[in-house]
């Protein structure tokens, strides 16, 4: 789905709830199309398709904590699984949270049965910390690693990686957030309701 396709459909959704009334620019602020473009990346991170993560940097550090460098275009984790883990991890914890503080204690941190992944700053970049890895097992490898990238919009022809079944939800989400930036709470409520219905029907979490 291209940026141009999204803009066209988002405008249709906004018009359906009377948010635009044919306007190109609202309240003397940024043109509608530019506002839509600025919001597409954050929605693409929520609903976009994942891609394989380069795990060549994977190492096991002190105390059995695995480390993987995060790509520059990282938006969110889609799935991560080590060969020694009983299940995959789909969400990360962040520094400063109770969940992250628990990882600093050998007793309360995640393990092979209930692994935990943290996203932390490292120099000018970021790294994934994987809790935990048996230090005695040198055969541990990454079985699955995928993430959703933050798209860089260069033109209306820029392709946004979103599956066909998620395209309507993607456009409703963009439309809802655009309406919110213009302060149209009635339109936000209508679009939010439709978005929730769309996600429920398609089984999107």
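The values are calculated or read from the model by the stated rules, or taken from the named source; none is laboratory data. Because the structure is a prediction, the values reported are computed rather than measured. Neighbour counts are summed over all protein chains in view; Cβ atoms, including those assigned to glycine, are modelled from backbone coordinates with ideal geometry.
Points worth noting:
- Some residue of segment 93-108 being in a loop (DSSP other than H, G, I, E, B) and surrounded by 15 or more Cβ atoms within 10 Å (Cβ to Cβ): no
- Yes/no for residue 146 being without any contact (Cβ under 8 Å) to a residue 60 or more places away in the chain and either within 23 Å of residue 89 (Cβ to Cβ) or not assigned by TED's automatic domain parsing to the domain that holds residue 80 (or both): no
- Number of positions in segment 149-170 that are closer than 16 Å to residue 17 by Cα and free of Cβ contacts under 8 Å to residues at least 12 places away in the same chain: 0
- Within segment 113-140, if we keep just the residues that are modelled with pLDDT of 95 or more and assigned to a loop (DSSP other than H, G, I, E, B), the residue that is nearest to residue 93 (Cα to Cα) turns out to be 115.
- Test: residue 127 is crowded, with 19+ Cβ neighbours inside 10 Å, in contact (Cβ under 8 Å) with a residue 40 or more places away in the chain and under 25 Å from residue 49 (Cβ atoms): no
- Residue 173 being closer than 30 Å to residue 15 by Cα and in contact (Cβ under 8 Å) with a residue 24 or more places away in the chain: yes
- Evaluation of residue 95 against the conditions (1) under 23 Å from the mean Cα position of the chain (by Cα); (2) free of Cβ contacts under 8 Å to residues at least 24 places away in the same chain shows that the sole unmet condition is (2).
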